[in-house]
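Heads up, the thing below is written out as structure tokens.
No value in this document is a laboratory result; all are computed from the given coordinates. Quantities reported herein were computed from a predicted structural model and do not represent experimental measurements. So basically every Cβ, Gly included, is an ideal-geometry build from the backbone, and we count neighbours across all protein chains shown.
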Amino acid sequence: MTDFKKLAVPGVQKLNPYIPGKPISELERELGISNIIKLASNENPLGPSPKAMQAIQGEMSELALYPDGNGFALKKALADKHQIDMDCITLGNGSNDVLVLLAEAFLTPEHNAIYSQFSFAVYPIAIQAVGAEHQMIPALPWQSNSPLGCDLDLMLDSINQQTRMIFIANPNNPTGSFLGKRQLYEFIQKVPAETIVVLDEAYLEYAPADERVDGSEWLSEFDNLVITRTFSKAYGLAGFRVGYALSNPDIANVLNRIRQPFNVNSLALVAAEAAINDDEFLARSMQVNAKGMQLLEEQCKALKLRYAPSKGNFLLIDFGQDAMPIYQQMLELGVITRPVANYGLPNCLRVTIGSESEMQRMVKVLEQVCG
Ligand SMILES: *Cc1c(COP(=O)(O)O)cnc(C)c1O
């Protein structure tokens with residue numbers, strides 16, 4: 001048979017595909033057990049915002065029609081929320097879509113794009129898929145004030161003439177590490193005007209309001225800054241696939257040239273629009289997360305397990321040994337966590353903060369496996 005991988009464009013041949021968290025149904029089939037909990041994909045344990053659920057009911061009868069290709073109502077709501085013009089917004093089928101659009105629109109095989117070690121796996125995939133060179137910058141060590149976090153100084157030093165894009169997640173996944181306002185601002189100031197800084201704020205909502213670093217405040221100052229946000233995490237709409245970018249109108253215009261005309265489906269559009277203003281749901285999500293995080297951190301301390309301090313809805317735990325057997329044992333006890341060996345962290349697992357009862361079960365399982 002023809003070797004079709006060999007026929008693929010060189011960047012695609014080389015890249016390591018994304019490995020998603022194991023779905024509950026798959027584990028049920030494999031082990032024949034039920035009552036499984038999934039703490040593997042940073043999903044919201046509260047489910048979708050009730051306002052979003054209600055909004056899609058009214059949209060069901062419209063499903064024969066194409067969605068609004070411009071996403072007017074959602075963009076309007078986002079423009080109000082961020083106090084920004086509508087033409088600064090690019091909607092995506094999840095923020096993943098927007099990240100890919102950025103790479104497609106701005107990177108060529110003559111360019112490189114940089115990102116930190118232990119940051120989101122989608123960055124190198126998006127960069128390589130368009131044939132650009134991907135450059136991973138070593139992260140800070142465990143023993144630093146930002147364990148496994150992004151080394152901004154090293155990143156600055158690595159920028160050259162061909163560097164067209166920098167991806168930074170703040171907070172970062174899978175480490176949970178977090179860059180302060182001032183250091184990030186000073187970093188962006190030093191980045192050349194033709195290098196686009198993509199600040200991925202998928203987990204922004206989880207930090208307490210006074211600690212949050214909201215890069216969208218800097219958009220009017222930096223033309224080369226792009227902020228990405230998602231409804232998949234704190235808003236509980238991962239299954240709908242909707243996210244967006246905020247940027248100057250010229251960048252948004254470029255992205256909108258190449259996005260699929262109907263890249264966000266009609267249910268996702270109305271769900272996201274309804275969810276934006278559900279502050280009560282967002283507050284509850286933060287509360288559940290803070291409580292669950294505390295419980296998990298305390299258990300790690302009790303079991304003398306090292307973890308990376310996290311400002312997200314997940315915790316990266318270091319087991320000090322190959323984590324795969326521990327992952328397997330937890331699976332058999334009905335808890336799905338996320339191996340991160342593909343990120344170069346073979347001794348760690350990433351655990352999503354679930355509901356209170358899920359976390360009670362998680363800490364028991366942790367005790368059983370590591371105690
Ligand atoms: C989950 C996540 C996203 C969001 O993905 P969606 O495509 O919006 O579901 C983006 N960036 C990071 C770092 C993430 O962890």
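List of remarks:
- Separation of alpha-carbon centers, the range 88-133 and the range 259-337, rounded to whole Å: 24 Å
- A P(r) calculated from all alpha carbon pairs of the range 241-343, with 10 Å bins opening at zero, reads 11, 26, 25, 25, 12, 1 percent.
- Antiparallel DSSP beta bridges within the chain, percent to nearest 5: 45 percent
- Each label was represented as a point 7 Å from its Cα along the Cα-to-Cβ direction; for Met324 and Phe262 these points are 4.4 nm apart.
- Rg ratio for the range 32-134: its Cα radius of gyration over 2.2 N^0.38 Å, N being its residue count, equals 1.45.
- Fully extending the segment from Ala73 to Met1 would add 21.0 nm, taking 0.36 nm per residue of separation and subtracting the current Cα-Cα distance.
- Semi-axes of the equivalent ellipsoid for the chain, Cα gyration tensor, largest first, Å: 31, 26, 22
- Sequence-separation-based contact order of the chain, relative, with Cα cut under 8 Å and 6+ spacing, percent: 23 percent
- Spatially proximal aspartates and glutamates relative to Lys190 (Cα-Cα < 16 Å; intrachain offsets below 8 disregarded): Asp151, Asp153, Asp157, Glu221, Asp223
- Of all aspartates and glutamates in the structure, the ones whose alpha carbon falls short of 14 Å from that of Lys51, not counting any fewer than 8 places away in one chain, are Glu59, Glu273, Asp278, Asp279, Glu280.
- Förster radius 45 Å - calculated FRET efficiency between Met60 and Ala341 (Cβ-Cβ, nearest 0.05): 0.60
- Inter-probe distance in nm under a simple model that places probes 7 Å from Cα toward Cβ, at Asn145 and Glu104: 4.1 nm
- Point-to-point label distance, Gln183-Glu332, nm (Cα→Cβ direction, 7 Å offset): 4.1 nm
- log10 of Debye I(q)/I(0), alpha-carbon scatterers only, for the range 212-275 at 0.19, 0.24 Å⁻¹: -0.85, -1.08
- The chymotrypsin sites (Phe, Trp or Tyr not before Pro) of the range 253-356 meeting both criteria, a DSSP state outside H, G, I, E and B (loop) and at most 16 other C-beta atoms within 10 angstrom of the site's C-beta, are Phe262.
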